[in-house]
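Colleague: Below is one structure. I have some questions about it.
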Amino acid sequence: MKIKTRRYYIYYALKLFLYISRLIPRNISLFIADLLGKAAFMLLGKYRNIAISNLDSVFEGRHEENVKLARDVFRNMAMIGVDWLKLMSMDKKDVIGLVTETSGLENLDRALEGGKGVIVMVSHFGNWELLSAYTHSMGYRGTIIAKRIYFHKYDQMIVGIRKRFGANLVYRDESPKKMFRALKDGQILGMLADQDVESVEGVFVKFFGKDAYTPTGPVKIGMIAGVDILPAFMIRKADNTYKFVVEKPIVLSREGDKEDNVRKYTQEWTDVLERYVKEYPDQWVWIHNRWKTKKV
């Protein structure tokens, strides 16, 4: 596969920013990221337009507010990106210190009782990469399901950050046996499934009242393994610390029609995500074309 030259430029720019960010305090890094986010909103017209279009379709009749909200999405992504890069120079104590509030941690502990595994459903919301770093820093064992990035330098950088605090990693195109083995071993299986990905199996469920093609892998794996799904969120707070929230479990049953159950449970966790996006709309990745796939 031919690698575009610009990918190398972006990679080395990230490496340079990573080096610089290690030398300056986090608050200054976040200030710079805020400025970069605003600049990206102005310069990246394609993604700016996708974000505004998505917001206009969901929050109708408030275009001016949606434009401001789209800018805040870019700002939030830039600041979260800085914290993600800083994970490379943090230790477990530093990571734990970023999270000043937790809610529902007992739901995770209860799900793991007796050596039973659990699927933690993570979304492109808040600082999802910090969520993994935090749980592993707190002593939980887990495996992350990830998409393989075919530009090897990007992949090595991201995998290095994810494994730094003890996470195992299984690529989405690897054997499902590795995923089931992690659950059988009593681990957390972390999965991202809130985007429109045509290459994976999915169903249409309602997301903000619109048909959204949604991956069904987490529900199908959970039903086969006999484990529950826990939606979890790492929310960036106004003071630039984080709140970790673990929702109540979505208990998966094998009784009844399999296809109906898959759609039902996929809708359930999507409803949880929608609730959080409504409450913190600037913390979800609106630059993704979430409603790209249409019903035939």
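Just so it is clear, none of the values below were taken in a lab; they were calculated from the coordinates. The structure displayed is predicted, hence computed values, not measured ones. Don't worry about glycine lacking a Cβ; one is built from the backbone with ideal geometry, like all the others, and counts go over all protein chains shown.
Colleague: Which order do the peptides 250-262, 204-216 come out in when sorted by mean C-beta neighbours inside 10 angstrom, highest first? Intermediate results must be reported in sequence, preceding the final value.
Modeller: On the way: 250-262: 12.5, 204-216: 17.8.
So the order, starting with the most tightly packed, is 204-216, 250-262.
Colleague: Which residues' amide hydrogens lie under 5 Å from the amide hydrogen of VAL120, considering only partners 5 or more residues apart or on another chain, with H built in the peptide plane?
Modeller: LEU189, GLY190, MET191, LEU230
Colleague: Provide the per-residue ³J(HN,Hα) series for region 271-276, in order, calculated from phi with Karplus coefficients 6.51, -1.76, 1.60 and θ = phi - 60°, each as a whole number of Hz, with x at glycine and proline positions.
Modeller: Once θ is set to phi - 60°, the couplings for region 271-276 become 4, 5, 4, 4, 4, 6 Hz.
Colleague: Checking the cross-link filter: which lysines have an alpha carbon closer than 22 Å to that of LYS93, excluding same-chain neighbours under 8 positions apart?
Modeller: Correct list for LYS93: LYS163, LYS237, LYS243.
Colleague: Rounded to the nearest 500, what is the 222 nm mean residue ellipticity of the chain from helices alone, with -39500 (n - 2.57) per DSSP H run of 4+ residues and division by all residues? Walk me through the numbers before you get to the answer.
Modeller: Working: 11 runs with 151 residues, N = 296.
Using -39500 (n - 2.57) per qualifying helix, the result is -16500 deg cm²/dmol.
Colleague: Among bridges DSSP assigns within the chain, what percent are antiparallel (round to 5)?
Modeller: Around 40 percent antiparallel, to the nearest 5.
Colleague: Something else now. In nm², what is the average projected area of the convex hull enclosing the Cα atoms of the chain?
Modeller: Spelled out: convex hull of the Cα atoms, projected over all directions, averaged, 16.0 nm².
Colleague: Can you sort LEU189, LEU169, LEU55, LEU131 by how many other beta carbons sit within 10 Å, fewest first?
Modeller: Fewest-to-most ranking of LEU189, LEU169, LEU55, LEU131: LEU169, LEU55, LEU131, LEU189.
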